[in-house]
1. Looking only at the range 112-149, filter to residues that are of a type in the set (D, E, K, R) and touching a strand residue (DSSP E or B) at 6+ places or on another chain (Cβ under 9 Å); which one of those is farthest from Leu89 (Cα to Cα)?
2. Report the residue count in the range 187-214 for those that are surrounded by fewer than 16 Cβ atoms within 10 Å (Cβ to Cβ) and either in a loop (DSSP other than H, G, I, E, B) or of a type in the set (A, V, I, L, M, F, W, C) (or both).
3. Of all residues in the range 168-213, count the ones that are in contact (Cβ under 8 Å) with a residue 24 or more places away in the chain and of a type in the set (S, T, N, Q).
4. Among residues belonging to the range 184-213 that are touching an Asp or Glu at 6+ places or on another chain (Cβ under 8 Å) and among the charged types (D, E, K, R), point out the one that is farthest from Asp39 (Cα to Cα).
5. Residues in the range 234-259 that are of a type in the set (A, V, I, L, M, F, W, C), outside any helix (DSSP H, G or I) and surrounded by 21 or more Cβ atoms within 10 Å (Cβ to Cβ): how many?
6. Which is touching a helix residue (DSSP H, G or I) at 6+ places or on another chain (Cβ under 7 Å) and modelled with pLDDT of 95 or more, of Leu183, Leu252, Leu161, Leu228?
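The values are calculated or read from the model by the stated rules, or taken from the named source; none is laboratory data. None of the values given here were measured: they were computed from a predicted structure. Positions of Cβ are generated from backbone atoms using ideal geometry, with glycine treated the same way; all protein chains shown enter the neighbour counts.
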Amino acid sequence: MKIYTKDSLIKELKNIAATGWIENIRHGNHGGIGNTLEDLLGIAENNLPIPNATEWELKAQRIDTTSLTTLFHIEPSPRAVKFVPQVLLLKYGWEHKEAGKKYPENEMSFRQTIHGLSPSDRGFQVKIDRVNCKVIISFDSSKVEEKHCEWLNSVKKRIGLGQLEPQPYWGFDDLSNKAGTKLLNCFYVQAEVKKDSGKEFYKYSKVMMLQKFNFKGFLEQIEKGNILVDFDARTGHNHGTKFRMRQNCLPLLYQTASVIV
């Protein structure tokens, strides 16, 4: 893997931006923008954030996308409970859409992408407990939409309709350490996309240098609904719990944001 200094990486990113349209060499790969950029930089592929220089991370995303950027993976506490597979999936899960087809007939699913601005249609919400220094997951059965009434009745039978007990959480210290390590400083690259003769091309037209991660800003963006917690578990596999962010909001997590291109 090629190692960069901050200055040499800035120079290389400027060169890539000046190149103009570049063909996606990872055909059929939804992560083509990041993968192609990694190849251009000589960085080994990894589906997690790639450290390309000491204390720096690289984030790539298409301009004007509605997709979310994964910031990092971290399971909630109390860890010994194995909360996602043992509680959320078993007690609050629902029938997987591929049950009896791709998966066994009893395959269950718990897929929720939730935030702090409002509850999901199944009543789950992220809340900030500043007194106890925790980011917690809350459940309010009164907020469940009518279309999920059958599921809600099943939850009532399985565990009741009260608050999660215990509530899954992330302590501020653990979350700040994880986020601060992954996002301490970041190069945020955005690309335009076009298709020509069945091939996809990228123009890396926006590059920002983001410095000094700000945990206070991180918590604020959870409350504003710009940072979301993504649960993705089924009976056969827990794909991991992720903190994800909406398009164009990453600079709000840093004390300094400098435009490179």
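1. Asp129
2. Selection size over the range 187-214: 2.
3. 5
4. By that ranking, first place goes to Lys194.
5. Result for the range 234-259: 2.
6. Details: Leu183 fails: modelled with pLDDT of 95 or more; Leu252 fails: modelled with pLDDT of 95 or more; Leu228 fails: touching a helix residue (DSSP H, G or I) at 6+ places or on another chain (Cβ under 7 Å).
Result of the check over Leu183, Leu252, Leu161, Leu228: Leu161.
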